[in-house]
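The values are calculated or read from the model by the stated rules, or taken from the named source; none is laboratory data. As the structure is a prediction and not an experimental result, all values here were calculated from the model. Virtual Cβ from ideal backbone geometry, glycine too; neighbours counted across all protein chains shown. Just so you know, the surface numbers come from the protein's heavy atoms only, side chains and all, with ligands and any DNA or RNA stripped out. Shrake-Rupley method; radii C 1.70, N 1.55, O 1.52, S 1.80 Å.
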Amino acid sequence: MAAVNYGAELIGRRAVVTGAASGIGAACAKALAAHGVWTACADIVSPDQTVAKIEADAGRSIPITCDVSSEEDVLALFARVRQRIGRLDFLVHCAGVIHEKPLLETETKDFDRVMNINLRGTFLVGREGIRAMHPAGGRVILIASDLGYLGRETFSPYVASKHGVMGLMRSWAKEFAPQTLVNAICPGPIDTAMLSSDQMTEEWRQKEMDIPLARFGAPEDIADMAVFLTTDSSRFITGQGMNVNGGSVMP
């Protein structure tokens with residue numbers, strides 16, 4: 001259950017959450033479901049465990065396997081959503097990958113993989129999610145990164161992809177206002193498998209810990225912000241990067 005109780009406001013609303021098998025996506029799906037949102041959980045691997053947890057807690061959810069970089073998969077995702085849960089009120093797009101490698105060792109295939117999942121995937125999922133909400137509108141929440149502000153040596157494809165996510169967010173916020181509010185969450189270091197020891201160098205881990213709050217965030221820290229952005233309390237917020245980062249960036 002998310003930290004804030006929004007009462008009956010979200011009960012019966014409908015959402016798609018990508019990257020919902022684990023990490024931030026799973027936390028967002030569970031938090032929305034805990035507030036009564038009927039949640040479609042999508043991921044390239046089976047999100048069955050997330051759905052089982054939601055249903056065990058008396059929530060409503062369906063699992064959908066989807067590669068967000070595939071237009072065919074994304075179209076099928078939203079066709080399934082229309083068939084199973086009907087209208088769409090919220091989209092929380094969490095699917096993404098990270099990549100650490102010095103530029104001179106980075107191959108074109110490395111760059112393409114990061115861009116296909118992080119940026120092309122955001123374009124495809126965002127386009128079809130907004131289409132599903134149109135014309136009534138809704139809320140779109142994208143996951144960017146504090147590194148989109150900071151930059152980081154040996155992370156150039158990832159940083160570029162997250163800059164791109166922010167650009168899509170700002171453009172869509174203008175294009176689809178006032179019916180649809182579009183925002184991004186820019187996490188700092190979050191304790192997920194993406195930042196596990198087999199993904200991170202020790203130098204990278206030390207840099208991530210060098211923030212004012214001196215800890216990794218939890219996926220629930222991001223999920224609480226995602227839930228807030230679906231509520232009427234965020235009704236005057238669009239086109240913004242919400243910096244849930246422990247102080248790693250202070251724009």
message: For a protection proxy built on the mean count of beta-carbon atoms within 10 angstrom, sort 82-94, 141-153, 105-117 highest first, please.
response: 141-153, 82-94, 105-117
- prompt: Got the relative contact order for the chain handy, in percent, Cα pairs under 8 Å and 6 or more residues apart?
  reply: 20 percent
message: Relative contact order for region 96-238: what percent, with Cα pairs under 8 Å and sequence separation of 6 or more?
response: 25 percent
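On the protein heavy atoms, probe 1.4 angstrom, tell me the percent of accessible surface of the chain carried by carbon and sulfur. Can you show the working numbers first?
On the way: 6030 of 11580 Å².
Carbon and sulfur together cover 52 percent of it.
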- line: Total charge of the residues flanking residue 104 in space, meaning their Cβ is under 14 Å from its Cβ, with Lys and Arg +1 and Asp and Glu -1, is -4
query: Label 7 Å along Cα→Cβ of residue 71; region 106-127 residues with amide nitrogen under 11 Å?
result: 124
query: Once amide H atoms are placed 1.01 Å from N in the peptide plane, what residues at a sequence separation of 5 or more from residue 61, or on another chain, have their amide H within under 5 Å of its amide H?
result: 39
query: If eta is 1.306 mPa s and T is 10 °C, what Stokes-Einstein diffusion coefficient results for region 108-160, Kirkwood Rh from Cα pairs, in µm²/s?
result: 126 µm²/s
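Treating only the Cβ of Lys, Arg, Asp and Glu as charged (+1, +1, -1, -1), what charge dipole size does the chain show about its Cα centre? Round to the nearest 20 debye. Intermediate values should be presented prior to the final figure.
Values: 24 positive and 29 negative charges, 206 e Å.
That gives a dipole near 980 debye.
Going by average Cβ neighbours within 10 Å, how do the peptides 240-247, 171-178, 12-19 rank, with the highest at the top? All intermediate terms of the calculation are to be shown ahead of the outcome.
Values: 240-247: 19.5, 171-178: 14.5, 12-19: 25.2.
The packing order, highest mean first, is 12-19, 240-247, 171-178.
Over region 97-148, average the accessible area per residue using a 1.4 Å probe and give it in Å², no decimals. Can you show the working numbers first?
Numbers: 2390 Å² over 52 residues.
Value for region 97-148: 46 Å² per residue.
Cβ neighbours within 10 Å, averaged per peptide: list 118-129, 159-170 in order, most packed at the top. Display every interim value, and only then the final one.
On the way: 118-129: 22.8, 159-170: 20.2.
Highest-to-lowest ranking by the protection proxy: 118-129, 159-170.
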- request: For every other residue with a beta carbon closer than 11 angstrom to the beta carbon of residue 185, add +1 if it is Lys or Arg and -1 if Asp or Glu, then tell me the sum.
  value: -3
- line: Surrounding charge for residue 46, neighbours by C-beta under 15 angstrom, Lys/Arg +1, Asp/Glu -1, total -3
- prompt: Summing -39500 (n - 2.57) over the DSSP H runs of n ≥ 4 in the chain and dividing by its residue number, what mean residue ellipticity at 222 nm do you reach, to the nearest 500 deg cm²/dmol?
  reply: -12000 deg cm²/dmol
